Structures are given as structure tokens and as C-alpha cells.
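First comes the structure, then the notes that go with it.
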Amino acid sequence: MAVPVAPVSLVTAPRLALAMLADQPDDAVPLAQAALWLAALDHPGKGLDTYTDHLQALVDALRDRLQASPAETAADRASALSAVLATDWGYQGDVETYEDLQNADLMRVIDRRRGLPVSLGILYLHVARAQGWDAHGLNFPGHFLIRLEGEAGDRAIIDPFHGGPALSVADLRSLLKAMTGQAAELTPDMYAPLSNRAVLIRLQSNIKMRLLDGGMLDAAGEILQRMLLFAPQDYRLWRENGLLYMRRGNLESALDSLETYLTLAPDGDDRTRIAQVMAELRQRLQ
């Protein structure tokens with residue numbers, strides 16, 4: 001599968017570039033480039049050429065390695081990715097300052113060679129897909145993982161945060177229990193592939209949650225606005241946006257967002273409660 005590439009002219013306007021993804025099919029969303037656009041919003045005036053060149057260097061490094069030693073099985077592909085990204089280029093999870101917001105900023109991840117599971121995973125996905133490999137992020141709770149597929153349909157699940165090793169079922173069970181508690185057990189939905197937009201939302205949600213934990217409501221609201229640029233059909237974001245506007249005291253914007261939520265949300269998805277909240281908002285605005 002070819003890696004989508006957006007027009008070069010958009011690189012200088014990240015907010016516009018993200019907004020132009022709104023109506024694109026998900027497989028046309030350029031995952032790593034979109035993550036760079038999101039990061040660029042926090043680095044105004046800083047060009048992206050160095051970072052896009054680095055992405056290409058990673059792709060070229062794996063391609064060169066495969067010319068000398070082709071990888072047809074999922075396990076061999078996992079090993080090749082790990083050798084290039086973790087061993088040769090030094091990408092690892094940030095275990096010392098995990099909560100640092102830099103770990104979800106792809107520009108800073110590239111600068112530091114450190115990041116969160118999802119930010120590192122975006123690099124792995126970009127490099128793998130550039131080789132035409134089938135690779136997806138997984139809906140695993142608390143820790144982003146990647147599923148690779150080999151030529152014969154065999155699969156491997158890898159952990160970018162710990163250098164990209166292929167994980168056994170026992171490894172996955174241990175990781176799940178470490179993330180969510182000893183009573184947790186693996187279920188099929190944890191192996192479900194994530195869309196490109198869902199990966200980007202997961203990346204940005206790490207920033208948003210840390211800002212909320214720090215009481216920085218306006219900054220968290222800005223992160224939600226960024227997510228809505230490229231995922232305006234995600235009704236859950238509108239709900240969260242509306243409720244956060246309420247916390248910030250912006251009742252008119254809260255009402256607008258919650259109205260959009262009701263327009264997009266399926267029946268039965270908290271609609272009754274939100275309708276009640278909206279009625280209360282209208283009373284307060286009278």
C-alpha cells in the first residue's frame with residue numbers, strides 16, 4: 001500500500017492542511033505527515049522540511065536493508081523494522097519522562113528519538129507502509145501496538161515503545177494486565193485495527209488528557225479543535241467539546257457543539273442525557 005502524500009503547498013499551512021483532510025477517505029490520510037502538521041501548530045515558523053526528509057531517510061534505510069535481506073514473513077518484517085528504527089536510528093520509548101508533552105509531538109519525537117507508544121508507532125507505520133506492507137495500529141488498551149502482515153498472510157504484533165519486538169500471546173496478556181489490572185483478559189476487539197484518524201485522535205488525546213489533568217482547560221480545548229479539523233464526523237469529539245465548553249463557561253459554544261453531537265450520534269448513545277443538558281443550557285442563556 002502506497003503512503004499517501006499531500007500537496008507540498010499545504011506543508012506551510014498545517015491548520016488548513018488538516019482541515020482539508022476532513023472529507024478525505026481514511027486511507028488517504030497521510031498519517032505521519034498529519035502528525036507533523038499537528039506538531040507544527042505548536043512550533044509556528046518552524047519548517048517541516050527537516051522532518052519530512054527524516055521520514056524519507058527512515059523509509060530509504062529500510063528499503064536498503066530489504067535489498068540485501070528481503071523480509072517476506074511478518075516476523076522478518078518486524079525484525080527489519082526494529083533493526084532500522086530502534087537499533088540504527090535509536091528510537092525508544094521515553095520511560096523516564098513518559099508524561100512529557102513532547103512525547104506526543106512528532107517533531108520533538110524525531111528530535112529526541114523518544115516518544116509514546118502511539119507517536120513511535122506512527123513512525124513504524126509510515127516506514128512499513130512505504131514498503132507496501134500491510135500494517136495497522138491496534139485498539140489495544142493503554143498501550144499502542146502494531147499488527148504486521150507477511151506475504152502469506154501470517155501476522156505479528158509489535159511494540160514500538162520497547163524497540164519493536166514481536167509479542168507472543170503471553171506477552172500481550174502480561175501487557176494488558178499491567179495496563180488495566182490483573183483481572184483483565186484479552187478479547188477480540190483488542191486486535192481490531194484502528195483507522196488513521198483514530199490513530200491521530202489517540203495521539204492528540206494523550207496531550208489533551210495531560211492538559212486536563214493539569215487544569216489547563218483552554219489548552220485542552222485547543223487540542224479538541226485540532227482533532228475536529230481532521231475528524232469532524234466523530235460525534236464523540238463534539239460531545240466532549242461541548243462538555244468542555246461548559247466547564248470553561250462558554251455556554252453558547254457548548255450548545256452549538258452538543259447540537260452537532262445530537263445530529264451525528266447514533267440512537268441510544270447518551271442522547272437523552274445530552275438533550276437534558278442542552279435544555280438546561282438554553283434556560284441559563286435566557
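The values are calculated or read from the model by the stated rules, or taken from the named source; none is laboratory data. Nothing here was measured: the structure is a model prediction, and the numbers come from that model. Don't worry about glycine lacking a Cβ; one is built from the backbone with ideal geometry, like all the others, and counts go over all protein chains shown.
Working carefully through the options Leu138, Leu200, Leu212, Leu194, find the one that is touching a His at 6+ places or on another chain (Cβ under 8 Å) and of a type in the set (A, V, I, L, M, F, W, C).
Testing whether each residue is touching a His at 6+ places or on another chain (Cβ under 8 Å) and of a type in the set (A, V, I, L, M, F, W, C) leaves just Leu194.
Does the stretch 58-105 hold any residues that are in a loop (DSSP other than H, G, I, E, B) and either among the hydroxyl-bearing types (Ser, Thr, Tyr) or under 20 Å from the mean Cα position of the chain (by Cα) (or both), and which are they?
Ser69, Thr73, Tyr91, Asp94, Val95, Thr97, Tyr98, Glu99, Asp100, Asp105
Only residues in the stretch 160-179 that are at positive phi count as the first member; pair them with residues that are of a type in the set (Val, Ile, Thr), Cβ under 6 angstrom, at least 6 apart or cross-chain, and list the lot.
Gly164/Ile158
Could you give me the residue pairs with C-beta distances under 6 Å whose first residue belongs to the stretch 213-236 and is on the phi > 0 side of the Ramachandran plot, whose second residue is of a type outside the set (Phe, Trp, Tyr) and part of a helix (DSSP H, G or I) wherever it lies, and which are 6+ apart or on separate chains?
Pairs found: none.
With the requirement that a residue be among the small types (Gly, Ala, Ser), surrounded by 11 or more Cβ atoms within 10 Å (Cβ to Cβ) and assigned to a loop (DSSP other than H, G, I, E, B), what does the stretch 40-57 give you?
Gly47
Taking the stretch 106-134, which residues are surrounded by fewer than 24 Cβ atoms within 10 Å (Cβ to Cβ) and assigned to a strand (DSSP E or B)?
Arg114, Asp134
For the stretch 1-22, which positions are modelled with pLDDT of 95 or more and in a loop (DSSP other than H, G, I, E, B)?
Within the stretch 1-22, Met20, Leu21, Ala22 qualify.
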